[in-house]
1. Only one residue in Leu45, Leu22 is over 23 Å from Pro61 (Cα atoms), surrounded by 10 or more Cβ atoms within 10 Å (Cβ to Cβ) and not β-branched (Val, Ile, Thr). Which one?
2. Is it fair to say Leu96 is without any contact (Cβ under 8 Å) to a residue 60 or more places away in the chain and touching a helix residue (DSSP H, G or I) at 6+ places or on another chain (Cβ under 8 Å)?
3. Between Glu87, Glu71, Glu76, which is in a helix (DSSP H, G or I), at pLDDT below 95 and among the charged types (D, E, K, R)?
4. Condition test on Lys29, is it loosely packed, with under 10 Cβ neighbours inside 10 Å, modelled with pLDDT of 95 or more and out of contact with any strand residue (DSSP E or B) (no Cβ under 9 Å at 6 or more places or on another chain)?
5. Going by the conditions given, is Val81 surrounded by 10 or more Cβ atoms within 10 Å (Cβ to Cβ), touching a Ser or Thr at 6+ places or on another chain (Cβ under 9 Å) and of a type outside the set (Gly, Ala, Ser)?
6. Which residue, of Arg108, Arg97, is over 44 Å from the mean Cα position of the chain (by Cα) and either under 30 Å from Glu46 (Cα atoms) or basic (Lys, Arg) (or both)?
7. Among Ala53, Ala75, which is the only one that is surrounded by fewer than 10 Cβ atoms within 10 Å (Cβ to Cβ) and touching an Asp or Glu at 6+ places or on another chain (Cβ under 7 Å)?
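The values are calculated or read from the model by the stated rules, or taken from the named source; none is laboratory data. Owing to the predicted nature of the structure, the values given are computational and were not obtained by experimental measurement. Here Cβ is always computed from backbone atoms with ideal geometry, including for glycine, and neighbour counts include all displayed protein chains.
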Amino acid sequence: MPSWFTNLTVGQILAFSLGVLLVLGLFVKLWKTIRPVWRGVREFLEDWRGEPARPGVPERPGVMTRLHTIETDVAELKPKVAAIDHEVHPNSGASLRDTVDSIQVELREHIAQQQG
């Protein structure tokens, strides 16, 4: 054995052991605090990147893939929404709304004639 080791007193060995235990205890406490935060960060990153398909588990696309899908779907819906908007607002007489308003006016006139 090295001479420095054989020259240690019981107090020095106890102090060293206590120091090691204290450092380990602090490390465990710190790890218990950091671990849930790290788990959340890891889950966020997994969701961001997505996961490839595995046997029995479908692919989970990442955020950027999902965002691209949403943008594509919105681009496809814009003309349809514009067509619906055209039909439900009064305009030059070519919309469904104009036709319904015209029928309503004619119906009121017909009812007034029948009652009058």
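1. Leu22
2. So Leu96 fits the description; yes.
3. Numbers: Glu71 fails: at pLDDT below 95; Glu76 fails: at pLDDT below 95.
Exactly one residue qualifies, and that residue is Glu87.
4. Spelling it out, it is not the case that Lys29 is loosely packed, with under 10 Cβ neighbours inside 10 Å, modelled with pLDDT of 95 or more and out of contact with any strand residue (DSSP E or B) (no Cβ under 9 Å at 6 or more places or on another chain).
5. Values: surrounded by 10 or more Cβ atoms within 10 Å (Cβ to Cβ): yes; touching a Ser or Thr at 6+ places or on another chain (Cβ under 9 Å): no; of a type outside the set (Gly, Ala, Ser): yes.
So Val81 fails the test.
6. Residue meeting the stated conditions: Arg108.
7. On the way: Ala75 fails: touching an Asp or Glu at 6+ places or on another chain (Cβ under 7 Å).
Step by step, each of Ala53, Ala75 is checked, and only Ala53 is surrounded by fewer than 10 Cβ atoms within 10 Å (Cβ to Cβ) and touching an Asp or Glu at 6+ places or on another chain (Cβ under 7 Å).
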